[in-house]
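The values are calculated or read from the model by the stated rules, or taken from the named source; none is laboratory data. What you see is a predicted model, and the numbers here were worked out from it, not measured in a lab. Heads up, the Cβs are rebuilt from the backbone with ideal geometry, glycines too, and the neighbour counts pull from every protein chain shown.
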Amino acid sequence: MHFNLEEQEQLAEFKAWWKRYGNWLLAIILILVASYISYAGYGWWNKKSSLGASKVYELVLTGAQKQDIPLILKATADLQDQFQSTSYAGMASLVAAQVTNASGDLANSEKNLRWVVDKAKVDAHQDIARTRLVSLLIDQDKFDEARKVAAASVSKPFEPLILERRGDVEFAQQKNADARKFYQQAWDLLLKNSEASDESKRLLKIKLDAVGGRS
């Protein structure tokens with residue numbers, strides 16, 4: 001193959017450029033390729049993980065329908081161990097806590113609620129679990145622990161409910177003045193929320209009336 005003088009000069013310049021920058025260019029290309037493979041691999045793993053978790057969650061729902069507590073606890077534990085990063089783990093733990101509580105198994109109910117509070121990936125699941133855990137601790141006369149759990153921050157939609165639970169802790173100990181303070185704060189927030197249900201207002205009003213009424 002023959003090159004004219006201009007082509008030879010261009011080829012020489014390219015060889016010099018490649019000698020100087022070729023390794024850097026290859027490194028950049030390799031980084032970009034690795035990044036794409038990593039991203040694509042994560043998307044594939046995430047999809048596969050979600051699919052696997054959904055199948056295990058179906059076992060939880062089946063167990064709930066049949067009141068098969070061993071099945072519920074086993075499937076929930078599998079989700080917690082193998083699919084912790086998915087929302088199914090939090091949902092299953094809430095179901096397990098509810099079913100075991102109804103059966104009188106308060107230990108497993110508390111265990112699953114605490115798992116959601118500490119490890120669930122969805123804020124709403126954590127907030128639901130926190131409010132239920134406070135009620136469960138009150139039922140067991142663990143007032144100091146209930147007060148501690150209720151004092152943690154929650155997302156805005158759950159603020160009225162956690163304030164109500166803080167009132168419940170005080171009311172359970174016959175500290176009506178403190179209970180009324182929290183109930184009143186919860187009531188004020190509910191009034192500002194146009195989406196608050198009439199039932200939630202009705203129940204809170206009953207509690208407020210029991211400790212002296214609304215201001």
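Observations
- Unique match (being touching a Ser or Thr at 6+ places or on another chain (Cβ under 8 Å) and either under 25 Å from F158 (Cα atoms) or in a loop (DSSP other than H, G, I, E, B) (or both)) among V116, V99: V116
- Failed item in (1) closer than 29 Å to A75 by Cβ; (2) over 20 Å from the mean Cα position of the chain (by Cα); (3) not basic (K, R), with F171 passing the rest: (1)
- Residues that are part of a helix (DSSP H, G or I), of a type in the set (A, V, I, L, M, F, W, C) and free of Cβ contacts under 8 Å to residues at least 24 places away in the same chain within segment 147-158 comprise just one, A150.
- Looking across L137, L73, L61, one residue alone is over 12 Å from the mean Cα position of the chain (by Cα), without any contact (Cβ under 8 Å) to a residue 60 or more places away in the chain, crowded, with 22+ Cβ neighbours inside 10 Å and not assigned by TED's automatic domain parsing to the domain that holds F171. It is L137.
- Scanning segment 99-131 for residues that are among the charged types (D, E, K, R) and in contact (Cβ under 8 Å) with a residue 24 or more places away in the chain gives D105, E110, K119, K121, D123, D127, R130.
- All conditions in (1) modelled with pLDDT of 55 or more; (2) within 20 Å of the chain's Cα centre (by Cα) hold for N46, with the sole exception of (1).
- Index of the failed condition, K156 passing every other in (1) within 22 Å of Q185 (Cβ to Cβ); (2) at pLDDT 95 or above; (3) more than 11 Å from the chain's Cα centre (by Cα): (2)
- A single entry from L161, L190, L203, L208 fulfils the requirement of being assigned to a helix (DSSP H, G or I), in contact with a helix residue (DSSP H, G or I) (Cβ under 9 Å, 6 or more places away or on another chain) and at pLDDT 95 or above: L161.
- Per-region count, segment 119-135, residues within 18 Å of P157 (Cα to Cα) and among the polar types (S, T, N, Q): 2
- Only a single criterion out of (1) over 26 Å from D198 (Cα atoms); (2) outside the structural domain of V211 (by TED's automatic domain parsing); (3) surrounded by fewer than 19 Cβ atoms within 10 Å (Cβ to Cβ) is not satisfied by Q174, namely (2).
- Cβ pairs under 8 Å, 6+ apart, first in segment 181-198 and among the polar types (S, T, N, Q), second crowded, with 16+ Cβ neighbours inside 10 Å: Q184/L208; Q185/L163; N193/P160
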